[in-house]
Amino acid sequence: MADSIDVLSTLKLVYTIYALIVISLIGWFALRIIQDGKKEGAKPVVFYAYIGVLVAIGTGLHFLTYNVVPWVPIDLDRANLKADKTFHITYKDHKIELDEKPMKVECGKKVVFEVVSEDLTYGFGLFRKNHTMVTQMQVVPGKVNDLMWEFHKNGTYYIRSTEYSGPKGAQMIVKDAVVVSGCSENDKYAMNEGGN
């Protein structure tokens, strides 16, 4: 299973190429309208073929990658999945309270992070030690907000609020909140010094 770092680095390259192709269309159009004199325009078949290629590439990217993005398989089958463990987290007064710390997760087990806000809209973000995000969701007050996740690499992760909730929101961080063990591979960006 790919993780978010692998997916994002690949998608950066693919979308950069796609953006350059779209920009070439805009550049071609701009060049045509600033030329002096009456020029014969592009044949409609060429223009519509170009647009058709852009649409095919744009939608094709999503069809080819939808099952590679780590959270998609779980989200698509969520109604049929049962969590192996649920962790309860409360947000209140710009503080994150965990029922257990650290939250210990076995490799390959499905866990649910059930988050409740008692006052403001916050964000629940799970991050590696190098500050790259694993996953996140919005935490709306008065609702049970939950996120199912399955880890495939050992590591220690921290939680931080990912939604603006005032100046104090930037300090809403819980270090070493989630510890994953039992996997055959380590998340090199989520490991403590000297192992895990």
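The values are calculated or read from the model by the stated rules, or taken from the named source; none is laboratory data. Because the structure is predicted, anything quoted here is derived from the model rather than measured. Counting neighbours? That spans all protein chains shown, and the Cβs are built from the backbone with ideal geometry, glycine included. Note: accessible area is taken over every heavy atom of the protein model, side chains too, but ligands, DNA and RNA are not part of it. Shrake-Rupley method; radii C 1.70, N 1.55, O 1.52, S 1.80 Å.
Extension gain for the segment T90 to C107, taken as residue separation times 0.36 nm less the Cα-Cα distance, is 3.7 nm to one decimal. For V144 and L98, the difference between the fully extended length at 0.36 nm per residue and the C-alpha to C-alpha distance is 15.1 nm. Ordering V45, V179 by accessible surface, largest first, gives V45, V179; the 1.4 Å probe counts only protein heavy atoms, with every chain in place.
Full extension of the chain between Y164 and E118 yields a length gain of 15.0 nm, computed as 0.36 nm times the residue separation minus the alpha carbon distance. Ranked by solvent-accessible area (1.4 Å probe, protein heavy atoms only, all chains present), the residues S184, S117 order from largest to smallest as S184, S117.
For the chain, a crude dipole built from +1 on the beta carbon of Lys and Arg and -1 on the beta carbon of Asp and Glu, taken about the Cα centre, is about 580 debye to the nearest 20. Magnitude of the charge dipole for the range 91-165, about its Cα centre and with charges confined to Cβ atoms of Lys, Arg (+1) and Asp, Glu (-1), is about 420 debye. Probing with 1.4 Å while keeping every protein chain in the model, the per residue accessible area of the range 110-196 equals 48 Å². Simple rule: put +1 on each Lys or Arg Cβ and -1 on each Asp or Glu Cβ in the chain, find the dipole, and look at M133, I96, I173; the Cα lying farthest toward the positive end is M133. Check cross-link reach from K153 to the aspartates and glutamates: straight Cα distance under 15 Å, and skip same-chain residues fewer than eight apart. Partners found: D3, D6, E106, E185, D187. The peptide list 162-169, 73-80, put in order of mean Cβ contacts within 10 Å with the highest first, becomes 162-169, 73-80. Can you flag which of K168/K188; K92/K188; K12/K43; K82/K104; K104/K168 are past 26 Å Cα-Cα? Over 26 Å apart, Cα to Cα: K168/K188; K92/K188; K12/K43; K104/K168. Projected label points at D77 and W28, each 7 Å from Cα along the beta carbon direction, are separated by 4.2 nanometres. Normalised by the number of residues in the range 53-120, the mean separation of alpha-carbon contacts (under 8 Å, six or more apart) gives a relative contact order of 31 percent.
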